[in-house]
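Notes follow once the structure below has been shown.
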Amino acid sequence: MVESNEARLVLLASVIVTALLYVVPGGRMVSYPLLLLSTLAHELGHGVAAWMVGGSFERFMMAPDGSGVAFSRIADNRLARAVVAAGGLVGPAVVAALFFVFGRTMQGARWTLTLTVVALSIFLVLVVRGWFSVVFVMVVIGLGGAVIAWASPRILQLVLIFVAVQLSLAVFSRGDYLFTPTAQTAQGPMPSDVGQMAQALFLPYWFWGLVCGGFSVAV
């Protein structure tokens, strides 16, 4: 019970810090790297989904404007294409849920952050491309490693849950992307994820936006 109460306090502290970011001077500057974190989870979600349908994750790139694009090879199958497109949309919510579950204890938070840093290091070598993407992922790895090495268990848990809160809020802060057929990226306009799902599964893009948004909220 004590552990459960402490986890709730950490969650409450994370929510309070999040709220303060929008009212204290300079707080919104911190929201920019948090936006990039949601983009990172989004693009990795595409890649993991490609692996799940038996394809390969080739590479992904992020841009300073917060957009990103992932490249994968999958079978010419409508369902597989739809799953890969959906993987990015629900990626931040799934990662947030995992962080919430395993961050309930300080020991669990340490193991979760350690595995995350290791996974990002592997992704950095295998699929991260473009100078901006490489620099950002290296910074995330470096900061994560520093927290693991020097932060107290309680601060480490707070960091993990704080990130989870930001990723869980991404479904709302970036919810407009769920209802647009075209995405504006650094590579130019291209079909959005829900647009690709509509092309693969026929129903309109806004329907798939509702499905993915509802799934993310439920997760």
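General remarks:
- Derived scalar couplings ³J(HN,Hα) [the range 57-63; Karplus, 6.51 cos²θ - 1.76 cosθ + 1.60; whole Hz; x for Gly, Pro]: 9, 7, 5, 8, 9, 10, 10
- Where Rh is the Kirkwood radius over Cα pairs, Rg/Rh for the range 63-144: 1.02
- Degrees between helix 131-150 axis and first principal axis of the chain (Cα, 0 to 90, nearest 10): 30 degrees
- Distance between the modelled labels on S56 and L9, one decimal in nanometres: 5.1 nm (7 Å Cα→Cβ projection).
- Projection of the Cα convex hull of the chain, averaged over all directions and equal to a quarter of that hull's surface, yields 12.3 nm².
- Distant-in-sequence amide H partners of R104 (H built 1.01 Å from N, under 5 Å): none
- Each of L201 and F71 was given a label point 7 Å from its Cα along the Cα-to-Cβ line. The distance between the two points is 2.7 nm.
- Translational diffusion of the range 44-92 was estimated from the Stokes-Einstein equation, with Rh taken as the Kirkwood radius over Cα pairs; at 25 °C and 0.890 mPa s the coefficient is 229 µm²/s.
- Electrostatic dipole magnitude of the chain [Cβ: Lys, Arg +1; Asp, Glu -1; Cα centre; debye, to 20]: 160 debye
- With DNA, RNA and ligands ignored, accessible area of L203 (1.4 Å probe; Å², nearest 10): 80 Å²
- In degrees, nearest ten, helix 205-218 long axis to first principal axis of the chain (Cα): 20 degrees
- From its DSSP helices (H runs of at least four residues, each -39,500 (n - 2.57)), the chain gives a residue-normalised ellipticity at 222 nm of -24500 deg cm²/dmol.
- Whole-Hz Karplus values for the range 31-37 come out as 5, 5, x, 5, 4, 5, 4 Hz, taken residue by residue from phi with 6.51 cos²θ - 1.76 cosθ + 1.60 and θ = phi - 60°; glycine and proline positions read x.
- Computed over protein heavy atoms with a 1.4 Å probe, the accessible surface of the range 67-219 works out to 52 Å² per residue.
- Modelled spin-label separation between L210 and M138, with each label point placed 7 Å from Cα along the Cα-to-Cβ direction: 4.6 nm.
- Cut-off of 10 Å, at most 15 other beta carbons, DSSP loop: longest stretch of the chain lacking such chymotrypsin sites (Phe, Trp or Tyr not before Pro): 23-201
- In the range 64-163, the portion of solvent-accessible area held by carbon and sulfur atoms comes to 74 percent [1.4 Å probe, whole percent, DNA, RNA and ligands not counted].
- Mean-square fluctuations from a GNM of the chain, with a 10 angstrom spring cutoff on Cα atoms, peak among V125, V147, V84 at V125.
The values are calculated or read from the model by the stated rules, or taken from the named source; none is laboratory data. In this text, all values refer to a predicted model and were calculated from it rather than measured experimentally. Cβ: placed from backbone, ideal geometry, glycine included. Neighbour counts: every protein chain shown. Areas reflect the complete protein model, heavy atoms only, side chains present, ligands, DNA and RNA absent. Shrake-Rupley method; radii C 1.70, N 1.55, O 1.52, S 1.80 Å.
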